[in-house]
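Structure first, then comments.
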Amino acid sequence: MMNIKKTRRDVHGVLLLDKPQGMTSNDALQKVKRLFNAKKAGHTGALDPLATGMLPICFGEATKFSQYLLDSDKRYRVIAKLGERTDTSDADGQIISTRSVNITQSQIEEALTHFRGDILQVPTMFSALKYQGKPLYEYARQGIVIEREARPITIYDNQFIQYDSTKHELTLEIHCSKGTYIRTIIDDLGELLGCGAHVIYLRRLQVSNYPIDNMITLDELQNEPMLMPVDSPLQDRPKVVLSESQGKDILLGRTVIVENSVSVETLVRIYQGQQFIGAGTQILNKLSPKRLISTS
């Protein structure tokens, strides 16, 4: 009997998946892609298997704008176990040191002030950052330590939520820039407190300005939901509306002159009338295409 390959279909938009614990982001992506029978899909920034929460998945034309979600701010709820440090800085790793915990809430809140604003962070060895073509975690699993440069990140806020002194569990909410490793913040915080710490719970609450209420679990995907629109990865960018003739020029790769003027180069959303046609860069009153959707 011949196997008939199912034809994949064109799907366009963004799904805000509530990733379950214990699943890799890529496994979650592949499952969603199969459920939608979609031709093209990609996620916008991996979550660790331990972590749950918002994993935007872009379909079709929306994949062209996924980088802007990778570059966007994130918000997390994290629970740290104080007194134990692990090799991965989370509960999936091996405990490498155990220390007594004798700290107060005021000491915690004072320590948190060192993790606000513009700071430098050395990425964990258990990360997907590449060195000579291989992710760092592959070296780490072989016991090889690679020298890593500290990278600038921004912690807009780290809110103290609660501290359970019986279990030595600290709950925080962190709003941060792209490239921030929450595990590393917790590990560094534990060392500053002198007791060590690791992540036992991590949930991504928000990516960019997407609302938490729009997240959908894998179980809820059995009835195919409405997707966020293709232009939603650019929702916080200025909007420029062109005439039909200007839109045709942009779609042909040409620069057009617009009415308003900006003093610094700005990434904008471009519309031809009501129709979103892509992203562009504007400097003064000159608008040039950067990434366009297929309008066929």
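Return the calculated 222 nm mean residue ellipticity for the chain, to the nearest 500 deg cm²/dmol, obtained by summing -39500 (n - 2.57) across DSSP H runs with n ≥ 4 and dividing by the residue count.
Computed ellipticity for the chain at 222 nm equals -4500 deg cm²/dmol.
Calculate, for GLU110 and ARG141, the FRET efficiency according to 1/(1 + (r/R0)^6) with r their C-beta to C-beta distance and R0 30 Å; round to the nearest 0.05. If you can, show how the numbers build up before the last one.
On the way: r = 36 Å, r/R0 = 1.21.
E(calc), rounded to 0.05, equals 0.25.
If I fit a long axis through the Cα atoms of helix 25-36 and take the longest principal axis of the Cα atoms of the chain, what angle between them do I get, 0 to 90°, rounded to 10?
40 degrees
Taking H as built 1.01 Å from N, whose amide H comes closer than 5 Å to the amide H of ASP90, not counting residues under 5 places away?
Those qualifying (amide H under 5 Å, at least 5 residues apart or on another chain) are VAL199.
Work out the charge dipole of the chain with +1 on the Cβ of Lys and Arg and -1 on the Cβ of Asp and Glu about the Cα centre, then indicate which of THR124, ASN158, PHE59 is farthest towards its positive end.
Of the listed residues, the answer is PHE59.
State the Kirkwood hydrodynamic radius of the stretch 18-147 in Å, one decimal place, computed from all pairs of distinct Cα atoms.
On the way: mean 1/r = 0.0567 Å⁻¹.
Taking the inverse mean of 1/r over all distinct Cα pairs, the stretch 18-147 comes out at 17.6 Å.
To the nearest 10 degrees, how steeply does helix 182-193 sit against the main Cα axis of the chain, on a 0 to 90 scale?
30 degrees
Using +1 at the C-beta of Lys and Arg and -1 at the C-beta of Asp and Glu, which of VAL230, GLY247, VAL145 has the Cα lying farthest in the positive direction of the dipole of the stretch 139-285?
Among VAL230, GLY247, VAL145, the one farthest towards the positive end of the dipole of the stretch 139-285 is GLY247.
Anyone know which of GLN142, GLN107, GLN121 comes out most mobile in the 10 Å Cα GNM of the chain?
Residue with maximal mean-square fluctuation among GLN142, GLN107, GLN121: GLN142.
With contacts defined as alpha carbon pairs under 8 Å and 6 or more residues apart, what's the relative contact order of the chain in percent? Working shown, then result.
Details: 617 pairs, mean separation 62.2, N = 296.
The value is 21 percent.
Output wanted: per-residue J couplings in Hz (rounded whole) for the stretch 97-112, from phi through Karplus 6.51 cos²θ - 1.76 cosθ + 1.60, θ = phi - 60°, x for Gly and Pro.
7, 10, 9, 6, 10, 9, 9, 10, 4, 5, 5, 4, 5, 5, 5, 5
Using a 1.4 Å probe, what is the accessible area per residue for the stretch 53-124, in Å²? Before the final figure, lay out each step's value.
Working: 3150 Å² over 72 residues.
Solvent-accessible surface per residue comes out at 44 Å².
Based on the mean of other beta carbon atoms within 10 Å per residue, what is the order of 170-183, 54-67, most packed first? Each step should come with its number before you reach the end.
On the way: 170-183: 19.9, 54-67: 22.3.
Packing order, densest peptide first, comes out as 54-67, 170-183.
What is the sum of charges, Lys and Arg at +1 and Asp and Glu at -1, for the other residues whose Cβ falls under 14 Å from the Cβ of GLU220?
-2
For q = 0.22 Å⁻¹, what log10 I(q)/I(0) does the stretch 108-164 give under the Debye formula with an equal point scatterer on each alpha carbon and no solvent?
Debye output, listed in q order: -0.84.
Based on the Kirkwood radius over alpha-carbon pairs, what is the Stokes-Einstein translational diffusion coefficient of the stretch 208-271 at 25 °C with 0.890 mPa s viscosity, in µm²/s?
On the way: Rh = 14.9 Å.
It diffuses with D of about 165 µm²/s by this estimate.
Mind giving me the FRET efficiency for LEU252 and LYS178? R0 is 45 Å, r the Cβ-Cβ distance, nearest 0.05 is fine.
Values: r = 33 Å, r/R0 = 0.72.
Between LEU252 and LYS178 the formula returns 0.85.
Determine one quarter of the surface area of the Cα convex hull of the chain, which equals its mean projected area, and express it in nm² to one decimal.
Numbers: hull surface 82.1 nm².
For the Cα atoms of the chain, the hull's average projected area reads 20.5 nm².
For the stretch 3-48, list log₁₀ I(q)/I(0) at each q in 0.21, 0.25 Å⁻¹, using the Debye formula over Cα point scatterers of equal strength and ignoring solvent, two decimals each.
-0.73, -0.94
Can you tell me which of ASP73, ASP219, ASP118 moves the most in a GNM of the chain? Springs connect C-alpha atoms under 10 Å apart.
ASP219
Amide H to amide H, which residues 5 or more places from ALA41 or on other chains are under 5 Å from it, using H placed in the peptide plane?
Hits under the 5 Å cutoff: GLY60.
Using just the Cα positions, wrap the stretch 150-296 in a convex hull and report its mean projected area in square nanometres, one decimal place.
Computing the convex hull of the Cα atoms and averaging its projections yields 13.7 nm².
The values are calculated or read from the model by the stated rules, or taken from the named source; none is laboratory data. Just so we're clear, the structure is a prediction, and the values are computed from it rather than from any experiment. Neighbour counts run over all protein chains shown; Cβ positions are idealised from the backbone, glycine included. These area figures cover heavy atoms from the full protein model, side chains too; ligands, DNA and RNA do not enter into them. Shrake-Rupley method; radii C 1.70, N 1.55, O 1.52, S 1.80 Å.
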